[in-house]
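*Asks:* For reference, the structure I am asking about is given below.
The values are calculated or read from the model by the stated rules, or taken from the named source; none is laboratory data. Worth saying up front: this structure is predicted, and the values here are computed from it rather than measured. Here the Cβ positions follow ideal geometry from the backbone for every residue, glycine too, while neighbour counts run over all protein chains shown. For the accessible areas, the whole protein counts, side chains as well, though only heavy atoms, and no ligand, DNA or RNA atoms are used. Shrake-Rupley method; radii C 1.70, N 1.55, O 1.52, S 1.80 Å.
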Amino acid sequence: MGITLIASLMLACGAQARPVSREIASVYYSPEDPKPRFTPGHSLAETVLNYLGLTVTHFDLGKGLPKFTDPHEFRGILVWMEIDRLPDPEGFLTWLETQMDAGTKVVILGDWSFLQNLDGKAVSLARVNRVLSRLGGIYTGDWQEFTFDFQPSHSDPDMTGYEAGIARPLPPFYSVTASANGSVPFVTAHTAQGSAPYVLGAFGPSGGFVMDGYAVRFGRNEHDRKWILNPFKFFSRAFDLEEFPKVDTTTLMGRRIYYSHIDGDGWRNVSEVRGEGEQTLLDPEVVYRDLILPYPDLPVSVAPIAADIDPTWAGTRRTGEIARKLFALPQVEVASHTYTHPFQWSYFDNYSAKRRISRFWPKQPRCFRTLHGISRYCR
């Protein structure tokens with residue numbers, strides 16, 4: 001009844017129904033990031049966007065500007081690059097403006113690659129601000145390199161401080177003020193003397209932006225990354241997802257789905273748990289005894305690294321026997337963590353089985369490293 005009423009109202013108003021777009025176009029520049037997996041759009045944003053019910057397609061600006069067959073194909077565009085120039089920044093800004101005219105939301109994070117070309121020629125402020133003003137800011141052309149006198153203000157405290165606070169002194173930032181057409185800043189910087197605030201993050205009618213250094217805080221290594229920004233709240237508002245129907249992958253026909261999976265990392269590790277007769281147990285033996293065998297109603301997939309149970313590689317009679325016992329349980333589904341637990345998936349870009357065998361299956365005497373490179377042994 002409700003759907004019929006809505007459809008009737010749409011027809012009466014001359015509106016045309018179309019599928020709800022769940023696609024986000026994330027752009028990157030391959031001379032800087034050869035593959036999408038190296039980009040923050042993938043490594044940081046994509047999981048959050050998936051959780052919010054969206055899928056992400058990555059487009060390489062090194063191959064030209066993306067061409068969309070349908071102006072409503074993509075719900076939004078994510079610009080998150082770690083470079084400060086592009087071959088054709090003016091063309092890129094024109095493309096962004098065209099997409100916003102069609103109703104596509106735009107989000108800009110990271111460094112601003114659209115301010116100059118590869119030769120260092122600057123783009124005019126007027127051209128930059130035709131895009132930026134629709135995201136909540138106006139760029140003055142200045143760069144605040146020395147920030148000791150600045151301190152942040154949070155008009156929406158829940159939008160920042162998600163996993164980490166803003167570093168002090170503040171990271172350098174572009175001098176941006178609030179635009180006049182519906183700007184909603186949520187974090188700004190001002191001096192103790194009460195200077196006019198500079199906008200570090202804001203929403204506008206066509207999306208939003210956050211300055212580089214104010215979305216994610218990086219530690220001493222590439223894995224030490226913490227969100228300053230609340231990415232769920234930010235992307236939800238910037239891409240207009242508050243009333244957006246989200247796919248819940250944990251339900252089927254209204255019933256909750258139970259997921260359980262065990263990777264086989266550490267299959268040959270010796271635990272600190274004792275079995276009968278004070279025998280030291282292997283990790284999978286503890287999992288079998290305490291976590292799986294007592295719960296026949298809880299299905300689980302178990303994925304050993306095959307080399308850990310294959311005696312021609314690194315397996316033993318004991319590691320193979322516990323695998324057989326696990327796989328014999330009715331609540332266990334057999335899975336695999338491959339033979340070698342590859343860490344560098346780029347190895348398979350131009351895969352050759354013959355090359356792999358010659359590299360990883362040496363002639364006698366056979367010497368092996370453990371799969372995580374901890375020890376070496378021969379047999």
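*Asks:* In the stretch 18-43, what count of residues is obtained for those that are open to solvent by less than 80 Å² (accessible area, probe 1.4 Å) and either at pLDDT 90 or above or touching a helix residue (DSSP H, G or I) at 6+ places or on another chain (Cβ under 6 Å) (or both)?
*Replies:* Looking only at that region, the number is 15.
Conditions tested, residue by residue: (1) touching a residue at least 60 places away in the same chain (Cβ under 8 Å); (2) in a loop (DSSP other than H, G, I, E, B).
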| site | (1), (2) |
| --- | --- |
| Asp142 | no, no |
| Ala164 | yes, yes |
| Ala167 | no, yes |
| Pro185 | no, no |
| Ala189 | no, no |
| Ala196 | no, yes |
| Val199 | yes, no |
| Phe203 | yes, no |
| Gly208 | yes, no |
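*Asks:* Here's something else I'd like to know. What is the number of the single condition among (1) in a strand (DSSP E or B); (2) over 26 Å from the mean Cα position of the chain (by Cα) that Gly277 does not meet?
*Replies:* With (1) in a strand (DSSP E or B); (2) over 26 Å from the mean Cα position of the chain (by Cα) applied to Gly277, the lone miss is (1).
*Asks:* Sticking with this structure for a sec: Being of a type in the set (Asp, Glu), under 25 Å from Asn50 (Cβ atoms) and surrounded by 20 or more Cβ atoms within 10 Å (Cβ to Cβ) narrows it down to one of Asp158, Asp224, Asp212, so name that one.
*Replies:* Step by step, each of Asp158, Asp224, Asp212 is checked, and only Asp212 is of a type in the set (Asp, Glu), under 25 Å from Asn50 (Cβ atoms) and surrounded by 20 or more Cβ atoms within 10 Å (Cβ to Cβ).
*Asks:* What are the residues in the stretch 80-115 that are surrounded by fewer than 17 Cβ atoms within 10 Å (Cβ to Cβ) and either assigned to a helix (DSSP H, G or I) or of a type in the set (Gly, Ala, Ser) (or both), if any?
*Replies:* Across the stretch 80-115, the qualifying residues are Glu90, Gly91, Thr94, Glu97, Thr98, Asp101, Ala102, Gly103.
*Asks:* When only residues in the stretch 258-279 that are without any contact (Cβ under 8 Å) to a residue 12 or more places away in the chain and over 25 Å from His337 (Cα atoms) count, which is surrounded by the most Cβ atoms within 10 Å (Cβ to Cβ)?
*Replies:* That would be Arg274.
*Asks:* For Val48, state whether it is at pLDDT 90 or above, touching a helix residue (DSSP H, G or I) at 6+ places or on another chain (Cβ under 6 Å) and assigned to a helix (DSSP H, G or I).
*Replies:* yes
*Asks:* Tell me, please, whether a residue that is in contact with a Ser or Thr (Cβ under 7 Å, 6 or more places away or on another chain), more than 11 Å from Gly137 (Cα to Cα) and crowded, with 20+ Cβ neighbours inside 10 Å can be found in the stretch 176-183.
*Replies:* Checking the stretch 176-183: not a single residue is in contact with a Ser or Thr (Cβ under 7 Å, 6 or more places away or on another chain), more than 11 Å from Gly137 (Cα to Cα) and crowded, with 20+ Cβ neighbours inside 10 Å.
*Asks:* Over 21 Å from the mean Cα position of the chain (by Cα) and at pLDDT 95 or above: is that true of Trp95 in this structure?
*Replies:* yes
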